[in-house]
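Below is one structure, written out as structure tokens; the observations come after it.
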Amino acid sequence: MGIIKALKLGFDYFKYDDDGNASEPQRAVKDVDLDIEEGEFIAILGHNGSGKSTLAKHMNALLLPTEGTMWIDGRDTKEEKELWKLRQKAGMVFQNPDNQIIASVVEEDVGFGPENLGIPTEKIWKRVDESLRKTGMTAYRSHSPNRLSGGQKQRVAIAGVMAMRPRCIVLDEPTAMLDPVGRREVLEAALELNRQEGVTIILITHYMEEVIRADRVFVMDSGSVALSGTPREVFSQVERLKELRLDVPQATLLGYELRKAGLPVPKGILSREELVEVLKKCERRQRISVGPVPEEQNPFSRNEASPALSLSHVNYIYSAGTAFAVKALDDINIDIPDGQFIGMIGHTGSGKSTLIQHLNALIRPSSGTITYRGEDIWGEKYDRKALRSEIGLAFQYPEHQLFENDVLSDVCFGPMNQGLTREEAEAEAKKALHQVGVKEKRFLDSPFELSGGQKKRVAIAGVLAMNPRILILDEPTAGLDPHGRDEILDQIAELHRERGITVVLVSHSMEDIAKYAERLIVMNEGKVVYDDTPKKVFMHYKELEEMGLSAPQVTYILHDLKECGLDVDITAGTVEEAKRTILSCFAVSRENTPDTGGEVS
């Protein structure tokens, strides 16, 4: 028997009315069979609501089966006397780190678990040192967790579980709030525990690139296991994964598209290096001399319109005048005209979340000036309440702005504050909820009973319902499955095109930025270091890496091909653009286009 084993596992959720009466059960997990051997690295994928997080909570007995059996290290989780021992065997890191950080100092929080296990003090501090180092948080060991960014908090939560040295660690979307380098550091730390110390790792993620080094992958749908196999076996089934609201790594998708176009690319390409090697062989056989794909994205011009929002020499210092003073913004100068779609990126703690809270006067600058349509928003008589109707902000954590008893009332709150009647507000709220993909059957649910992804949708709907002229989105797709991510961003892009809404998208997904943004602002250590088109900014991918960032995966692929002598356009930033420029370098016979069905070739 493996360290984690499930047999015909089933679990029901119940809802209760005000009188304590239970509704009909909702089956979240059904007939799941798993047998995970000690030392395996397992990835679990699935769309929001597929049952993957519910399954994960059975793996350290946070939930107990309604039907079937779950064993952890050979012990049945239904045996209540074993629960404490079971949770020492299997640690869990949640999606939201606030759910498991309890101490007032980072190093004390990391040491809390080992101390409860009775580990000697000397060994506790050794574990704390090691766990902080592996998660890149050593410099913050004396900080209060409350003063950290969301991504930094997540690293502390992971370090706390690592310090307990469990035999199995369940990671429920642990990197959702992290910058690219932070994601890589956390994944490398988990892999090191797995490969060198034999710790079983079970990773739940929506980042497909994190899955390629797993031993096995399970894909959940409607509470059951829909697909399983090695990463190559699973990612070979591109169309099936799309049906399941998922996607594949960019290298896999690009290989799939090139194969459909006629290049002899095998199915199930997993990495940039693998695809480049395949294309190098194709290039030697089939290259023809065709120029690069012309640039289609027109660079924005700051002279096209006077700015709607302008920041001049803005500085901000947290805890100014104290020993804990931290300069979060350093001489920020930005003009935002009407109608732009702006991307904003920066490493965790770079100041981007602080910056966007200045845009609608949630934070007052320590110095400098912010004007909206020519007026100083911190002027004595300025109406900042009206400003927040014009400039809407959806927070990184939706729990920070959800508070009503039901979803519809929550989304109605903003429009009613603008003076609309309840009937008018409901019309705007329903329209906004439909725009973000929240079904009508959820309208009367408590927003706090929703999944993390659904909460995110409701929070965005609450901002959209006020019909803002500028929409600021702080990590709007973190926690959403790939299909949900595309739904939200496609809808935002449509609103941008149709209604001319200015959009400021803060994201750790370079791929999303490349696809949607026309202008890209890069923050580093409280300063703006780049402000240009995404194509031009991503040309500086090496400098971005030094800042804890990256470029889209196709950027690296195209640079690798260029170094191999292939005449590709290295500014292409999306899979479709990369496909076109690569195909322009090959003579492809449509008659020889390979079959795309079936499994790995």
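Summed over qualifying helices (DSSP H, 4 residues or more, each -39500 (n - 2.57)) and divided by its residue number, the chain shows a 222 nm mean residue ellipticity of -10500 deg cm²/dmol.
Can you classify the range 329-384 as rounded, prolate or oblate using the Cα gyration tensor, where a ≥ b ≥ c are the square roots of its eigenvalues, rounded means a/c under 1.5, and otherwise it's prolate if a/b beats b/c and oblate if not? Judged from the Cα gyration tensor, the range 329-384 comes out oblate (a/c at least 1.5, b/c at or above a/b). The Stokes-Einstein estimate for the chain, based on a Kirkwood radius over Cα pairs and taken at 25 °C with 0.890 mPa s viscosity, is a diffusion coefficient of 95 µm²/s.
Could you pull out every one of the lysines with an alpha carbon less than 16 Å from that of Lys85, ignoring same-chain neighbours closer than 8 positions? Reachable lysines: Lys57. Sorting 212-220, 552-560, 170-178, 35-43 by their mean Cβ neighbour count within 10 Å, with the most densely packed peptide first, gives 170-178, 552-560, 212-220, 35-43.
For a protection proxy built on the mean count of beta-carbon atoms within 10 angstrom, sort 100-108, 345-353 highest first, please. Don't skip to the answer; put the middle values down first.
Values: 100-108: 17.2, 345-353: 24.6.
The peptides rank, most packed first, as 345-353, 100-108.
Would you please classify the overall shape of the range 488-570 from the alpha carbon gyration tensor, given that a ≥ b ≥ c denote the square roots of the eigenvalues, rounded means a/c under 1.5, and beyond that prolate means a/b larger than b/c while oblate covers the rest? Oblate. Counting only aspartates and glutamates at least 8 places from Lys52 when in the same chain, those with an alpha carbon closer than 14 Å to its own are Asp12, Asp31, Asp33, Asp172, Glu173, Asp221, Asp481.
Beta bridges per DSSP, both residues in the range 307-546: antiparallel share near 55 percent. For the range 436-487, the set of trypsin sites (Lys or Arg not before Pro) satisfying both a DSSP loop assignment and a count of at most 15 other C-beta atoms within 10 Å is given as Lys439.
Placing dummy labels 7 Å off each Cα toward the beta-carbon, the span from Asp338 to Trp125 is 6.2 nm.
Computed from the C-beta positions of Leu495 and Glu545, the FRET efficiency with R₀ = 22 Å rounds to 0.10. Highest average first, the peptides 522-530, 203-211 ordered by how many other beta carbon atoms sit within 10 Å of their residues are 203-211, 522-530.
Within the chain, DSSP assigns beta bridges of which about 55% are antiparallel (rounded to the nearest 5).
Centre-to-centre separation between the Cα atoms of the range 154-200 and those of the range 316-341: 32 Å. Residues in the range 361-377 carry Karplus couplings, in order, of 6, 6, 10, 8, x, 5, 7, x, 10, 10, 10, 10, 6, x, 10, 5, 6 Hz; the curve used is 6.51 cos²θ - 1.76 cosθ + 1.60 with θ = phi - 60°, and Gly or Pro positions show x. In this structure, the amide hydrogen of Ala226, modeled 1.01 Å from its nitrogen in the peptide plane, lies closer than 5 angstrom to those of Val219, Met220, Asp221, counting only residues at least 5 positions away or on a different chain.
Scanning residues 5 or more positions from Ile4 or on other chains, those with amide H under 5 Å from its amide H are Ile36, Asp73, with H placed 1.01 Å from N in the peptide plane. Measuring against 22 Å, Cα to Cα, the residue pairs Lys267/Lys536; Lys15/Lys441; Lys5/Lys78; Lys242/Lys267; Lys242/Lys430; Lys153/Lys455 contain Lys267/Lys536; Lys242/Lys430 as the ones spanning a longer distance.
Candidate cross-link partners of Lys81 among the aspartates and glutamates, defined by an alpha-carbon separation under 19 Å and a same-chain spacing of 8 or more, comprise Asp73.
State the answer as a single residue: which of Ile124, Gln435, Ala361 lies farthest towards the positive end of the charge dipole of the chain, with beta carbon charges of +1 for Lys and Arg and -1 for Asp and Glu, about the Cα centre. Result: Ile124.
Throughout, read-outs are computed from the coordinates displayed, never taken from laboratory work. Note that this is a predicted model, so its numbers are computed, not measured. Don't worry about glycine lacking a Cβ; one is built from the backbone with ideal geometry, like all the others, and counts go over all protein chains shown.
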